[in-house]
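The values are calculated or read from the model by the stated rules, or taken from the named source; none is laboratory data. Please read these numbers as outputs of a predicted model, since none were measured by experiment. Because the Cβ atoms are built from the backbone with ideal geometry, glycine has one as well, and the counts that use them run over all protein chains shown. Ligands, DNA and RNA are excluded from the accessible area calculation, which covers all protein heavy atoms including side chains. Shrake-Rupley method; radii C 1.70, N 1.55, O 1.52, S 1.80 Å.
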Amino acid sequence: MQRARDVLARTQEADGSWKGDYSGPLFLSPVYVAGLYVMGRAPDTRTREGLLAYLRHHQNADGGWGLDVESPSLVFTTVLNYVTLRLLGIDADDPGLLRARDWFLPRGGPLGSGSWGKFILALLGLYEYDGLAPTPPELWLLPRALPFHPSRLWCHCRMVYLPMGWLYGRRARATETPLLAALRRELYPLPYEDVDWKAARNRVAATDAYTPRSAWLRAVNRVLGIHERFHSRRLRARAMEESLELIRGEDEATHSICIGPINKVLNAVVWHIARPDGPEVRAHLEQLPDYLQRTTEGVTFNGYNSSQLWDTAFAVQALVASGDAQARDTLSRAARFLESEQVLEDSPRAARNYRHPSRGGWPFSTRAHGWPISDCTAEALKACLLLEPLGLNRVPRERLAQAVEFILSLQNRDGGWATYERMRGPRWLERLNPSDVFAGIMVDASYVECTSACVQALIAWRGAHPSAPVGRAITRGVDFLRRTQRPDGSWEGAWGVCFSYGTWFAVTGLVAGGVRAGDPALRRAVRFLEDHQREDGSWSETVQSCRERRWVDGPTGHAVTTSWALLSLMAAGEGESEATRRGVSWLRARQDGDGRWPPEPRAGVFNRTCAIHYDAYLRVFPLWALAVAGREEHRVLAPFQG
Ligand code: LAN
């Protein structure tokens, strides 16, 4: 534990946070490079070389690229990364590119790509807009009360489709160059002129069709296609203005960082076209490098501007569990970071921009990012409340109370919590998911992770302020956790891999909520985990679990999975069991001499298909599990237990 604590202390940033690699997806760098190209720009030499090295490193043996660095090849990412290498100056007869072409041509090239790939190619002039499912900006002008108004979509989804709608309305297209003309010849299995674009709308290769297009979606696309043929110009102009205004709102609320990597780039392209060389473009270009990540394998585009707040909140909890006396300096610097990153006001013109009030919340990365999240707020609040009795918390009481208000304002009618907002749209909207490659992107629904974190934070708050009116919210949250247990005793995680992650949240949430060891729900969870323990005492789960929605082991044990399993077992009252003892021995034996655990597959995921790297998890969760195992009372949140 001491060595693991030292590793955390050594890797802390000057501002008190932990800032690490948040890479993994392989569709983000292409959006970045394509966006720059449309804007008549290119990455600087060092970045260019890094991007090339990274893409070369992560080309699969079959010649393609996966959705993420661990996934089998998709047409979407193979075609986009092929184009990226070409835009960065690699020749078409490069052996790596020849292998890529051999992989994607039999699958139709761009014609087989998931829909977002087609859109980026259209922007580059490598695909015709006629071959896209329409994304008319007029949807924003529909009455807000309609269940499918875009403001009801999950914020990440609506913020991607907002600039897409504007760019679609404009039929935006890069200035023609000889390279683009050559690419149109290289990418397709038939001459570009002979492509049947209408038919191409409905085409998608089997590798890219994770979420099949429903009959509903096909019908909606037909209606939108008819609208596109006959739409009124005046209405289009108004819709374009409205979209641009909302894009401006997003830029203002996020200091041009934007909610995520895709709308970051697309908004920049929108401004490049709407106001070339205007102040908006300059502001965007200044923030773009925030998303670049230098790794030992080269340079890539991160999934967020950072994961700093999230990692810091967890690091604090692990360090406190391991004994604060040895980590006071580290904790005190972390406390300063937590203090400086709370969002203190609502975003500008919040209602106009369909934004939920933000005051009191914490974001995933930094305050400047401007989008606070339910569970990030909850984990930060838990961390502050743990620091309070140590005399290290710096967030004043009124501001902690605002965080509690923020959490309460986000509870859904089903008792659970979603991510950034309350659930706004009906569940059937998921049937209209047009992305092909992702699942669960349409509505922000309740998740076990967010719900557990919020329940635990409210319980911690009540521990410090017994008269706080949070009892009903807690009870409803606990009911939600109970209701979502699967028949096999597990919970399915949405943002980490997968059942071990979900079960850790659910069990610790239930136990914090007063559910006692021996309760049938906990007993079933314990049985589930014991059933998945490996011969050597470890647990192992891969992102394939999320894709297939059943537990899939990796070839070796994983320290992060093992830690989640152990933390669950100990919280459920199994601190002295044989399974726990064997798991702890495995975890200890796995630690290196310098206090680290060896690298292992990615433990983060989103939208059920894409793996993402949480750099701090390997430093935080094993320490946390060992810390709890070393205590007499194997409790996870000793001070708060309800
Ligand atoms: C994230 C990052 C943080 C994450 C947690 C807070 C850990 C989670 O508990 C709730 C969901 C959330 C906020 C989350 C949602 C999906 C995100 C935003 C990401 C995984 C980071 C990147 C991903 C985003 C959707 C990537 C862009 C792709 C699209 C499909 C729009």
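Spin-label model, Asp594 to Leu390: label points 7 Å out along the Cα-to-beta-carbon direction sit 2.5 nm apart.
The calculated FRET efficiency for Ala368 paired with Arg46, based on their beta-carbon distance and R0 = 30 Å, is about 0.75.
I need the shape label for region 27-301. Rule: rounded when a/c is under 1.5, else prolate if a/b > b/c, else oblate, with a, b, c from the alpha carbon gyration tensor. Oblate shape, in that a/c is at least 1.5 and b/c is the bigger or equal ratio. Each residue, Glu176 and Asp6, gets one label point 7 Å from its Cα in the Cβ direction; the gap between the two is 6.5 nm.
How charged is the neighbourhood of Lys264? Take every other residue with its Cβ under 10 Å from the Cβ of Lys264, and add Lys/Arg as +1 and Asp/Glu as -1.
On the way: positive: none; negative: Glu250, Asp251, Asp290.
Taking every Cβ under 10 Å from that of Lys264, the sum is -3.
Average accessible surface for the chain: 37 Å² per residue, computed with a 1.4 Å probe over protein heavy atoms with every protein chain in place. With K and R counted +1 and D and E -1, the other residues having a Cβ less than 15 Å from that of Glu345 yield a net charge of 0. Extension gain, Ser585-Arg144: 0.36 nm per intervening residue step, less the Cα-Cα distance, totals 153.1 nm. The portion of the accessible surface of region 27-301 made up by carbon and sulfur, rounded to a whole percent, is 55 (1.4 Å probe; DNA, RNA and ligands excluded).
Where in region 4-67 are there trypsin sites (Lys or Arg not before Pro) that are in a DSSP coil and have at most 16 other Cβ atoms within 10 angstrom of their Cβ?
When the trypsin sites (Lys or Arg not before Pro) of region 4-67 are filtered for loop state and at most 16 Cβ neighbours within 10 Å, Arg41 remain.
With a Förster radius of 22 Å applied to the C-beta separation of Arg549 and Asp414, the computed FRET efficiency comes to 0.60. Pairs of lysines in the chain whose Cα atoms sit within less than 23 Å of one another amount to 4, provided the residues are eight or more positions apart or on different chains. Extension gain for the segment Glu633 to Glu535, taken as residue separation times 0.36 nm less the Cα-Cα distance, is 32.6 nm to one decimal. Computed extension length for Leu235-Ala209: 6.0 nm, one decimal, from 0.36 nm per residue of separation with the Cα-Cα distance subtracted.
Sparsely packed loop sites in region 391-456 (the GluC sites (Glu not before Pro) outside DSSP H, G, I, E and B with at most 15 other Cβ atoms within 10 Å) do not occur. Per-residue ellipticity at 222 nm computed for the chain from its helices equals -15000 deg cm²/dmol, with DSSP H segments shorter than 4 residues left out and the rest contributing -39,500 (n - 2.57). For region 263-341 and region 424-445, what is the separation of their C-alpha centers, rounded to whole Å? The two parts, judged by their Cα centres, are 27 Å apart. Between Arg352 and Glu297, the C-beta separation translates, for a Förster distance of 45 Å, into a calculated FRET efficiency of about 0.55. Among the GluC sites (Glu not before Pro) within region 549-642, those in coil by DSSP and having at most 13 neighbouring Cβ atoms inside 10 Å are Glu576, Glu632, Glu633.
Mind ranking 217-230, 304-317 by how tightly packed they are, going by the mean number of other C-beta atoms within 10 angstrom, highest first?
Values: 217-230: 13.4, 304-317: 25.6.
For the peptides 217-230, 304-317, the packing ranking is 304-317, 217-230.
Can you give the Rg to Rh ratio for the chain, taking only C-alpha atoms and Rh from Kirkwood? Kindly include the intermediate steps, with their values, before the conclusion.
Details: Rg = 24.4 Å, Rh = 25.3 Å.
My calculation of the ratio gives 0.97.
Relative contact order of region 356-431, please, whole-number percent, based on alpha carbon pairs below 8 angstrom and at least 6 residues apart. Intermediate results must be reported in sequence, preceding the final value.
On the way: 81 pairs, mean separation 25.3, N = 76.
Relative contact order of region 356-431: 33 percent.
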